[in-house]
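So the structure is just underneath, and the comments pick up after that.
No lab work stands behind these numbers, since they all come straight from the coordinates. Computed from a prediction, not measured in an experiment: that's the story for all the values here. Methodologically, a virtual Cβ is constructed for each residue, glycine included, from the backbone with ideal geometry; neighbour enumeration extends over all protein chains shown.
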Amino acid sequence: MDYLDVVLKSITEKANWEHLEKYFLKEFKKAQKEEFEEVELFFTGCQSVIEEWEQAIKDRYTKRREQLVELTIIASSAETKQQCKEELNTMQFDDFPLNLAIQTNHKAVVSLKHSKLQRIKRAINVTAEQFGIKQSHTDTAYEITTPILETVLSTDSYHSFKYAIDEKGFYIIRRDDQRIKVFSPELMAIFTTENLPVLERNKKTDATINGKDYLEFYLKGYNEGATYFNENYTLPPNVLYGENAKPYVMNLHHNCFHKEIRFGFNGWYSFKKSYPTLISQKVIKEFGYYAGIISKVEELASNHPKLFETFENCEQSENSESGIKKVEVQKTAKGKQSPNSEFSVLEWATIFYYADETKLLTNESTIIGRVRQFIKTNEIETTPNHFKNNYNDAKKRINELNNYPISKLEKIQPYLKKHYKETITKIENDIFLLQNENSEY
């Protein structure tokens with residue numbers, strides 16, 4: 001079976017390109033009839049062609065990034081350095097289209113962008129799933145760094161989404177006959193950005209993702225959340241207005257605003273105005289799940305306005321926006337912080353790790369030099385070598401072993417927020433990932 005020929009015809013023939021799923025379905029049935037092709041073999045073969053091309057684009061992208069990084073180091077001209085940095089910040093996979101004449105030995109003389117490649121990939125997956133064949137999805141976690149996030153939030157499309165959501169409270173995505181609500185303009189911006197620069201969390205390497213690819217996981221979570229609410233909280237009107245009406249609404253209020261879900265998220269509604277800076281299939285599905293629940297709560301409140309008149313009023317204020325109590329820093333008699341009474345050496349080493357990763361420490365060129373300065377500044381009773389061993393241990397347990405104690409991260413978070421506020425997004429992402437690394441949603 002010539003899988004290359006099958007894929008090439010999806011690109012070079014206009015009618016096939018406009019109806020990709022129908023095309024791959026037709027080609028499979030043809031192969032099944034004429035060559036007794038097995039369903040899994042056919043779609044895996046087509047996908048292998050796409051994966052080879054995808055890797056060729058990524059290789060060119062990576063090579064160019066490496067060249068630019070090297071130039072920013074060795075270039076003598078400040079202008080050249082700035083030009084390299086600007087290109088690094090804006091480059092995308094689509095900047096490196098694939099020359100199919102070279103790739104296919106002149107079977108096709110066209111160029112193919114990464115975004116179009118993803119469209120073919122999705123069409124193959126969707127068609128394969130009609131036969132119960134699910135292509136494997138490795139759920140890689142990606143971070144949206146602050147500079148990239150600021151770029152996304154400065155776009156016209158983001159401001160358009162924000163205006164619509166500020167007006168109505170949500171933005172509607174139409175999928176087939178469904179109307180899916182998205183409550184965050186940041187999330188809408190992610191879903192509509194085809195080439196979103198990110199940082200692959202485990203490898204700490206630059207990558208680009210297509211936000212549209214994550215919509216299916218949001219939709220799946222959304223439907224599961226709506227189903228969960230319908231099965232557990234839907235009541236007939238005669239019960240809804242009976243003697244148990246008040247306890248029912250109070251219970252819903254607690255779940256919406258106070259129920260502890262996970263660190264930083266108290267209540268279903270905490271997902272309404274939030275957005276993820278850590279992107280994975282699982283994370284996006286979770287946001288979809290709670291959006292589905294919230295949509296059902298708001299539908300219920302809209303249908304019974306009198307019953308839900310004071311629904312969002314909390315009888316007592318929370319200690320913080322997320323309901324998390326703040327840890328008070330212990331003081332000595334002189335009023336100066338007493339480090340060792342508050343944090344262990346491991347905890348101080350973890351604080352050092354986050355501050356150092358975010359480039360917030362001294363200009364000492366060596367890690368041991370920065371360690372010595374950190375120990376001296378904070379009057380930590382330990383040796384530099386012992387501290388460095390704890391630093392290495394913390395770094396490995398957070399990034400590789402995924403078994404660092406979450407309670408310790410939660411303990412040091414208020415200190416980091418006060419002294420190294422630039423680290424907060426990173427530690428929140430790590431807490432979330434550690435909580436979910438070994439659990440199934």
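Residues whose amide H comes within less than 5 Å of that of THR145, counting only those at least five positions distant or on another chain, are LEU199 (H built at 1.01 Å from N in the peptide plane). Using the Cβ-Cβ distance between LYS33 and ASP139 with R0 = 35 Å, the FRET efficiency computed as 1/(1 + (r/R0)^6) comes to roughly 0.45.
Once the chain from LYS259 to ALA15 is taken as fully extended at 0.36 nm per residue, the excess over their C-alpha distance is 82.6 nm.
A full extension of the chain between ILE74 and ASN105 corresponds to an added length of 7.4 nm, given 0.36 nm per residue minus the alpha carbon distance. Could you tell me whether region 255-300 comes out rounded, prolate or oblate from its Cα gyration tensor? Rule is a ≥ b ≥ c as square roots of the eigenvalues, rounded for a/c under 1.5, then prolate if a/b exceeds b/c, otherwise oblate. The shape class here is oblate. Rounded, prolate or oblate: which fits the chain, taking a ≥ b ≥ c as square roots of the Cα gyration tensor eigenvalues, rounded meaning a/c under 1.5, else prolate when a/b beats b/c? Oblate shape, in that a/c is at least 1.5 and b/c is the bigger or equal ratio.
Screening the chain for whole DSSP H helices with an alpha carbon extent of at least 15 angstrom along the helix axis and a mean Kyte-Doolittle hydropathy of at least -0.5 yields 39-74, 245-257, 281-303, 345-357, 367-378, 424-436.
Rounded, prolate or oblate: pick one for region 3-129, where a ≥ b ≥ c are the square roots of the eigenvalues of its C-alpha gyration tensor, a/c under 1.5 means rounded, and failing that, prolate if a/b is larger than b/c, else oblate. In terms of gyration-tensor shape, prolate. Net length available on complete extension from LYS418 to TYR248 is 57.2 nm, with 0.36 nm assigned per residue and the Cα-Cα distance removed.
The label-point distance for ASN385 and TYR233, in a model that sets each label 7 Å from Cα toward Cβ, rounds to 5.8 nm. So if a site counts as exposed when it's one of the trypsin sites (Lys or Arg not before Pro), its DSSP state isn't H, G, I, E or B, and it has at most 14 other Cβ atoms within 10 Å, what's the longest stretch of the chain without one? With a cap of 14 other Cβ atoms within 10 Å, the longest stretch comes to 1-106. Given a Förster radius of 41 Å and the C-beta distance between ARG64 and GLU129 as r, what FRET efficiency does 1/(1 + (r/R0)^6) yield to the nearest 0.05? Working from the Cβ atoms, E equals 0.70.
Each Lys and Arg adds +1 at its Cβ and each Asp and Glu adds -1 at its Cβ; summed about the Cα centre, region 1-133 shows a dipole of about 360 debye. A simple charge model with +1 on the Cβ of Lys and Arg, -1 on the Cβ of Asp and Glu and nothing else charged puts the dipole of the chain at about 880 debye relative to its Cα centre.
For the pairs LYS81/LYS395; LYS81/LYS359; LYS58/LYS116; LYS282/LYS417; LYS168/LYS282, flag any whose C-alpha to C-alpha distance is greater than 25 Å.
Distance filter (> 25 Å) returns LYS81/LYS395; LYS282/LYS417; LYS168/LYS282.
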